[in-house]
Every structure is written in C-alpha cells, then in structure tokens.
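The values are calculated or read from the model by the stated rules, or taken from the named source; none is laboratory data. The structure presented is a predicted model; accordingly, all values stated were derived computationally and were not measured. So basically every Cβ, Gly included, is an ideal-geometry build from the backbone, and we count neighbours across all protein chains shown. For the accessible areas, the whole protein counts, side chains as well, though only heavy atoms, and no ligand, DNA or RNA atoms are used. Shrake-Rupley method; radii C 1.70, N 1.55, O 1.52, S 1.80 Å.
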Amino acid sequence: MGRFGSIKFQIGQLITDSEIREYGESRAELKNEARESLMNERQELEANAAAEGRELTAEERAETAKTSENVNARVGITSYGTMDTYANTWRAFATWAREELAVKDIRCLGAEHAKAYLEQRIDQGISKVTVN
C-alpha cells in the first residue's frame, strides 16, 4: 500500500511503538502513582526555586498541579475497549488527513491538523461533548 503503509498499519505501529498501552494494570493505582509523581516533581521544583531564591513560575505550578488533565496524561490506556475507541478515532483522523490534505504518513500530522479536523467535524454537527 505504498511507502507509508495502510492507515490501519500505521495506527497499529503508533500504538505498538508508544508506551500508551497498560493493559491489565489498575487504572486507579496508575492514577495514584501519577499523583505521587506530580507531588514529588512539585517538591523538587520548590526546593530548587527556594535554593535559587525565587518562587515557582505559573508554568511550573501548572505543569505539576494534580489536575485530572496532568494525572491522565501520565496514565496509559488500561482497557482494550478504550484502545479500540481511540484507534477508530485515530483512523478516522488519518483518513481525513489523507483525503483532505494528501498527508500519507501520520507521523507528519501535528496539532494544527488535529485542530482543522475537529473544526470540520464541528461544522458537520458533531457534538461538543464528543469533541471534548
């Protein structure tokens, strides 16, 4: 199927090559570990800042806040069903990119492409809840 392979193959490679899969792990335990990791990073940043005689920057505070966004960003996918749902979404995005932008290698896709895809999906009537 050409130089870059099929979309299904590329998505499979993306999943295989990443550290996103954590099947069989307890999501609750992984989230607790993520919270602890964020807390440790915050304490280390605070100690370094104090040694430098300064306060933490807003960016440093935001990056180490124990928000659901920061916690979930550190937790992989523990459910086969969730992985299937995400893979289907990624395939739809990659298909759109191939058809609309002539991008055949998904490694070339970035945030600007995802934004354009989501904007088009919103224009097509996809619900905001689905987009989120």
Boolean, L14 is surrounded by 15 or more Cβ atoms within 10 Å (Cβ to Cβ), closer than 26 Å to T130 by Cβ and of a type outside the set (D, E) = yes
What do you reckon, is N32 more than 30 Å from R98 (Cβ to Cβ), open to solvent by 80 Å² or more (accessible area, probe 1.4 Å), of a type in the set (S, T, N, Q) and free of Cβ contacts under 8 Å to residues at least 40 places away in the same chain?
-> yes
Of all residues in segment 75-87, which are open to solvent by 60 Å² or more (accessible area, probe 1.4 Å) and not acidic (D, E)?
-> Y80, T85, Y86
Search result, residues across segment 88-126 that are under 22 Å from R21 (Cα atoms), surrounded by 15 or more Cβ atoms within 10 Å (Cβ to Cβ) and not β-branched (V, I, T) = W90, R91, F93, A94, L109
When restricted to N48, N40, N72, the only residue closer than 26 Å to L109 by Cβ and open to solvent by 50 Å² or more (accessible area, probe 1.4 Å) is N72
